[in-house]
Amino acid sequence: MTLKSRDKKHLWHPLTQHKLHPDTVAIVKAKGCTLTDEDGKDYIDAIASWYTAMYGHCNPHVTERVTRQMQTLDHVIFSGFTHEPAVKLSEALIEILPENQNKLFFSDNGSTAVEIGIKMALQYHSNRDEKRNVFISFEHGFHGDTFGAMSVSGLSDYNGPFSDFFLDVKRIPTPNGENHDMILDLLRKVILENDIAGFIYEPLVQGAAAMQMHNAEGLNEILKFCKEFGILIIADEVMTGFGKTGSYFASDYMEVKPDIMCLSKALTAGLLPMAITSCTQNIYDAFYSDEISKGLFHGHTYSANPLACTAALAGIEMLKSEEIQAHIKRVTSRHKQFGEKIASHPKVSSTRQTGVIFALDLDVETERYGSLRDKLFHHFMDQGVFLRPLGKTIYILAPYIITDGELDKVYKSIEAALEIL
Ligand SMILES: *Cc1c(COP(=O)(O)O)cnc(C)c1O
């Protein structure tokens with residue numbers, strides 16, 4: 001029996017309607033940019049397994065360090081205890097984060113990083129005897145699948161059954177360079193009518209909205225405006241963090257720096273699940289008190305797992321290396337060339353790019369997970385390329401180490417896809 005058929009017996013997959021999509025692909029091996037399935041077929045992982053494995057799968061620098069770490073200290077409770085991997089990671093991460101970030105709070109995934117950011121913002125105001133219970137977020141944003149994260153997300157297609165239990169959230173459009181005055185007017189109105197605790201946003205690129213991109217200057221103006229009203233700004237860099245936009249963090253492109261940042265995905269170089277919510281000293285100070293109840297009473301069993309911290313530390317070393325920085329520049333310029341070439345294709349309505357994130361929209365009408373998506377997905381898989389089209393968008397977010405030859409193969413498979421539409 002194949003893994004694919006045994007899988008069907010007991011497993012329930014994420015974001016899947018099993019009746020419509022009964023089949024899975026069983027992967028037995030991953031190395032660099034290549035995934036190998038149980039029949040021995042190779043696929044280029046052109047989305048870096050959900051934007052995690054940015055330095056390549058089974059990266060030896062990362063796996064060797066974690067292998068060594070697991071023979072010394074596997075795990076220890078992080079409430080009241082600490083360890084070297086967490087301390088070293090904190091030093092390395094603070095060095096590359098925007099200069100105002102000073103404290104790190106650990107959890108397990110992007111959604112919990114967001115959940116903690118939301119709780120920090122609510123309790124920050126509460127600890128200062130100010131009741132602020134409403135959030136602002138961008139339309140079409142995605143922040144995760146736990147309740148707080150779902151609430152601030154604006155991609156509500158699949159959240160219907162839960163919406164009665166959401167936090168109160170007001171939404172504003174993303175800045176496109178032309179709607180600036182309209183957004184600030186709307187913001188002013190929302191701020192005057194509500195007690196806004198925080199503004200949460202995916203800076204520059206909205207991943208789950210099919211890599212929608214927005215204007216850095218416009219975002220900076222929004223952040224500045226929020227700050228004037230004491231609204232905490234929470235940058236969800238779960239997707240954009242660790243080099244994907246060309247800088248270490250997307251927040252590097254804005255003059256106004258976030259109060260709180262959410263990090264996960266590429267944080268651990270694709271090896272282990274972990275997340276961090278970072279914040280400024282000012283946020284931390286609002287919880288620092290003689291009163292126990294003013295502390296942040298949130299904690300996950302595997303907080304700051306030493307193996308995950310070690311993977312993250314090795315990942316940051318990779319990110320900072322000349323080798324990876326050169327790869328980021330190379331992939332960015334290859335995408336630019338491809339974008340210029342493909343933009344005039346009659347089946348392409350637009351292209352966009354931020355750093356190593358490239359997306360093109362097809363000139364067709366379709367729903368998000370409709371039949372076109374399936375047709376494209378199977379086309380790419382047949383060609384040995386793993387891409388995950390969303391609606392009418394095809395995007396590439398490959399590991400930085402993808403070779404020119406592999407990139408050519410990805411580009412060719414996209415060109416071929418345009419011919420079968
Ligand atoms: C993926 C993602 C999340 C959720 O992370 P999980 O680890 O899947 O819970 C939150 N925010 C953004 C921007 C993401 O891309």
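The values are calculated or read from the model by the stated rules, or taken from the named source; none is laboratory data. Please read these numbers as outputs of a predicted model, since none were measured by experiment. No Cβ is skipped: glycine too gets one built from the backbone with ideal geometry, and neighbour counts run over all protein chains shown.
Whether any residue in the range 101-123 is in a helix (DSSP H, G or I), more than 16 Å from the ligand (Cβ to nearest atom) and over 19 Å from the mean Cα position of the chain (by Cα) is what I want to check. Taking every residue of the range 101-123 in turn, at least one turns out to be in a helix (DSSP H, G or I), more than 16 Å from the ligand (Cβ to nearest atom) and over 19 Å from the mean Cα position of the chain (by Cα). Applying the condition of being surrounded by fewer than 19 Cβ atoms within 10 Å (Cβ to Cβ) and closer than 18 Å to Gln206 by Cα to the range 124-145 and asking which residue is nearest to the ligand (Cβ to nearest atom) yields Asp145.
Residues in the range 336-362 that are within 20 Å of the chain's Cα centre (by Cα) and on the phi < 0 side of the Ramachandran plot: 8 in all.
Here Val364 meets the list (1) more than 23 Å from Leu272 (Cβ to Cβ); (2) in contact with a Leu (Cβ under 7 Å, 6 or more places away or on another chain); (3) in a helix (DSSP H, G or I) almost entirely, failing just condition (3). The criterion of at least 3 residues that are surrounded by 24 or more Cβ atoms within 10 Å (Cβ to Cβ) and within 16 Å of the ligand (Cβ to nearest atom) is met by the following strands (runs of 3 or more DSSP E) wholly inside the range 150-262: 196-201, 232-236. Kindly indicate whether any position in the range 128-137 is over 16 Å from the mean Cα position of the chain (by Cα), in contact (Cβ under 8 Å) with a residue 60 or more places away in the chain and part of a helix (DSSP H, G or I). The answer is no, given that none of the residues of the range 128-137 is over 16 Å from the mean Cα position of the chain (by Cα), in contact (Cβ under 8 Å) with a residue 60 or more places away in the chain and part of a helix (DSSP H, G or I). Among the residues of the range 72-87, just one is in contact with a strand residue (DSSP E or B) (Cβ under 8 Å, 6 or more places away or on another chain) and either assigned to a helix (DSSP H, G or I) or modelled with pLDDT under 95 (or both), namely Ala86.
Only one entry in Leu362, Leu376, Leu390, Leu397 is surrounded by fewer than 20 Cβ atoms within 10 Å (Cβ to Cβ) and of a type outside the set (D, E, K, R), namely Leu390.
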